[in-house]
Amino acid sequence: MTAVAVLQQALARGGKVVWEPPEKPRLFAPPSLHEAIKADRETVKEILRRAAIFRHQAWDFIRQGRPLPTLALSEHQGSEGCQSCGSPLHGRRYRCEVCSLAVALALD
């Protein structure tokens, strides 16, 4: 199971992301998924890191009453691939799985 799938499953089973401090969110997951999360720890941490970046970007615009721009990592230069990070995409997607989940977490 991929880190994205494990994280989605954790959230579906009552897990949650705690945004304290906002720049370093923490995942609280059901104990039955702890080993699966540990197996993909680095990817889970990367999803949460991106979610924190996207959340900060979104709230800046929301506070100003402006429409949201495309949420993207600062190192992404707008090349082909994922609109948020530039990773290669498969199919007719505009975001990779990692960024898609990070955006969903950021806007939840």
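What follows draws every value from the coordinates through simple rules; no lab data is involved. As the structure is a prediction and not an experimental result, all values here were calculated from the model.
Per-residue 3J(HN,Hα) values for the stretch 50-58, derived from phi via the Karplus relation 6.51 cos²θ - 1.76 cosθ + 1.60 with θ = phi - 60°, read 5, 4, 5, 5, 5, 5, 4, 4, 4 Hz in sequence order (x marks Gly and Pro). Legend: translational diffusion of the stretch 3-107 by Stokes-Einstein, Rh = Kirkwood radius over C-alpha pairs, 4 °C, 1.567 mPa s; D = 90 µm²/s. When the Cα atoms of the stretch 52-99 are aligned to their principal axes, the ranges along those axes come out at 34, 21, 17 Å in descending order.
Computed from backbone phi with θ = phi - 60° and the Karplus coefficients 6.51, -1.76 and 1.60, the 3J(HN,Hα) list for the stretch 64-74 is 8, x, 9, x, 5, x, 5, 6, 8, 6, 4 Hz; x is used for glycine and proline.
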